[in-house]
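Asks: Structure incoming, see below.
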Amino acid sequence: MSLNYFCIHAHFYQPPREDPLTGMIPVEPGASPFPNWNERIHAECYRPNAELGNFEHISFNVGPTLFQWMSTHDSETIRRIAAQDRVNFQRYGVGNAIAQAYNHTILPLATIQDKVTQVAWGIAEFEHRFGRRPQGMWLPETAVDLETLSVLADQGINFTILAPWQADRDNLDVTEPYWVALPRGKRMAVFFYHHDLSGGISFNPSLTINADAFAINNLASNFIPEKMQKGEPQLLLLASDGELYGHHQPWRDRFLARLVDGASAYGGFQPTFPGLWLKNHPPRHWVYLREYTSWSCPHGVTRWMAGCGCVPGDGQWKKSLRTAFNSLASALDDVYLQAVRPHIEQPWELRHRYIEVMLGKLRVEELITEVAGRRLPAELVVQFHLLLEAQRERQRMFTSCGFFFEDFDRIEPRNNIAYAAQAVRLTRMATGVDLETYMLADLHRVSSQRSTLRGDRVFKHHMQRAVIDGRIVAGD
C-alpha cells in the first residue's frame, strides 16, 4: 500500500441573499438565465457534484446559509451529500464532512460571545444535516486567533485547516498536521494546505483539464523524497472554494470525479481526509500560529476592517461600516441583556441555543422554558422571541462578504445593512428602544467612491420598506 496520500478540501459556501423582510431572494440579473446566483451555482456545482458522488471522496464543508437555502430548494441534494459522508463514517468510524462557523463571520474580529454563538450554531446545524458530531470546523476565510481555536476546542472540535503562511515557521512541512497549544492545557490539530497546488487548481484552468495528467505531473512531484525514502506517510492537502468544481470552471466537477476515483492510482497515491488521517497519524510536532491572518489576503484580517492593498481604494468605508456595526452590536446586546437577565440567569446560553428554534427542533416557548427553568408569561415569550430574532439579524450583519470587495456600492454590504436595520426594527418592536437615529449617524460616514450611495440611505430605505409592507412577524 502507498504511503503517499492526498486530500481535496472543498469549501462550499454562499452568503445569505434573502431579503430580511420577505425571506425571499430578489431577482439577480447577473445570474441569468436563473433568477438568482444560488440557483445558478446550485445547477452548475452543488447538484452535479452530489450526483457524481464527489462528496464521498473529498474533505468538505457546506456553509449553513447555503444548506438553509438548499433545504427548501433541493432537499434531495442535501440527502445525497449527507449519505456520502455517512458511507465514510460507517466504513472508518469518522466522516469526511466538517462543520463551518455559522454566518461566515471573521471570528478574530468578533467578541468572545459571538465566537461561541457562531461555533455553537455551526455545530448544531452540522448535527442537524449529518446526524453526527463534527470533528473539524472550517474557519471563515481561515481567519484565526488563539481565542477562536480555544472556543472550538471547548466545544469539542479537534482540527481545522489553515494556509501555510498562517504558521509561524519557515520551511513548513505541509505533508503532516501539527498541534497548536491553547490555554488551559488544551490543543488543536491543524492541517496546512499546499499553497502552490491549491492556488494552481483555483486560478490556473489549464491545470485542471486532465485529471490523469494533473495526478502524474503535479501531485506526484510534490511529495517529499526524503520522507519517501524513510517510508514515512505523507498527506498533500489541496484547499479551494467548492464552487470551483463546475461553476467557476465548467466541467471541473468531472475533473474532480476522475481525480479522486481513478487518476490517483496512476500517481501511486490514494485519497483520504483529515479525520481519518488523524485517526491513523496524529501530529508529531507543534507549531505557533500567526494570529489575525487568513487564506485570502496577505494583510491578515485588515481586509474586513479597514481595507488593504489587495483591493483598490482606501477602504475607509469598511472602517466606518465595521465601527458602525460594532457600536450597534454593543447597543443591541445591552438592550437584550437588560430585558432578559432579570428573568433568565443565562441570557447568552439562550442565544447560543436559539439555533434549535431556527432549525425547527424546538418551539421558542419550549426553549425559553428550558433555559429559564420555569414557564414565563406569554408577553415575555413574545418579547424574547423578537429580541432573539434581532440577535439573529445582528449575527447576519457581520457576514464577511459585506466587507470583502473594493467598494460599498455592491449587494453584499447593502444586504448586511438591511440585516442591521432589521435588528434595530425588531428591537424597537420588542422594547420600544429606538436605535435608528443612533445608527444613522454612524452610517452617514459609510459611502461609495464610485457612486453617491451612502450607508444611512440604505438603512433608511429598508426601514421605510418595513413600514410600507407592514410586516411584523418575528422569525420563521
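Asks: Label ALA213 and ALA83 with points 7 Å out from Cα along Cα→Cβ: what is the distance between them in nm?
Replies: 3.5
Asks: Starting from the coordinates of the alpha-carbon atoms of the chain, obtain the Kirkwood hydrodynamic radius over all distinct pairs and give the value in Å to one decimal.
Replies: 23.3
Asks: If we count other beta carbons within 10 Å of each Cβ, what is the order of ARG254, ARG184, ARG375, fewest first?
Replies: ARG184, ARG375, ARG254
Asks: Taking the Cα of VAL311, stepping 7 Å toward and past its beta carbon, and measuring to each backbone N in region 91-107: which are under 18 Å?
Replies: 104-107
Asks: So for region 303-469, averaging the separation of alpha carbon pairs under 8 Å that are six or more residues apart and normalising by length, what relative contact order in percent results?
Replies: Here the relative contact order equals 25 percent.
Asks: Right, something else. Within 10 Å of each residue's Cβ, count the other Cβ atoms and sort CYS45, CYS297 from fewest upward.
Replies: Fewest to most other Cβ atoms nearby, the residues stand as CYS297, CYS45.
Asks: Between SER448 and LYS279, what is the label-point separation in nm under the 7 Å Cα-to-beta-carbon projection?
Replies: Result for the modelled spin labels: 5.1 nm.
Asks: I've got another one for you. If each residue of separation counts as 0.36 nm, what is the full-extension length gain between THR323 and PHE34 once their alpha-carbon separation is subtracted?
Replies: My answer for the length gained is 100.4 nm.
Asks: What number in nm² do you get for region 303-469 if you take the convex hull of its Cα atoms and divide its surface by four?
Replies: Its Cα hull, projected and averaged over all orientations, spans 10.2 nm².
Asks: Something else now. How big is the Cα convex hull of region 4-280 in projection, averaged over all directions, in nm²?
Replies: For region 4-280, the mean projected area of the Cα convex hull comes to 15.2 nm².
Asks: How long is the gain from SER296 to THR22 if the chain were fully straight, where each residue apart is worth 0.36 nm and the alpha carbon distance is subtracted?
Replies: 95.4 nm
Asks: Moving to a separate point now. How do PHE273, PHE60 rank when sorted from fewest to most other Cβ atoms within 10 Å of their own Cβ?
Replies: PHE60, PHE273
Asks: For region 143-288, give the magnitude of the charge dipole about the Cα centre (Cβ charges: +1 Lys/Arg, -1 Asp/Glu; no others), in debye to the nearest 20.
Replies: Around 360 debye, computed over region 143-288.
Asks: While we're here: Report relative contact order for the chain in percent, whole number only (criteria: Cα-Cα under 8 Å, sequence separation at least 6).
Replies: 17
Asks: Could you calculate the FRET efficiency of ARG187 with SER75 from 1/(1 + (r/R0)^6), where r is the beta carbon distance between them and R0 is 30 Å, rounded to 0.05?
Replies: It comes to 0.20.
Asks: Measuring from label point to label point, each 7 Å out along Cα→Cβ, what is the ASP170 to MET228 span in nm?
Replies: 2.7
Asks: Between ASP241 and ARG91, what length in nm is gained on full extension when 0.36 nm per residue of separation is reduced by their alpha carbon distance?
Replies: 51.3 nm
Asks: Cα extents of region 51-194 along the three principal axes, largest first, in whole Å?
Replies: 43, 34, 23 Å, listed from the longest principal axis down.
Asks: Let me ask something else. When Lys and Arg each count +1 and Asp and Glu each count -1, what net charge do the other residues less than 14 Å away from PHE89, Cβ to Cβ, add up to?
Replies: Value of the local net charge: +3.
Throughout, read-outs are computed from the coordinates displayed, never taken from laboratory work. Small disclaimer: the values here were computed from a predicted structure and weren't measured. Counting neighbours? That spans all protein chains shown, and the Cβs are built from the backbone with ideal geometry, glycine included.
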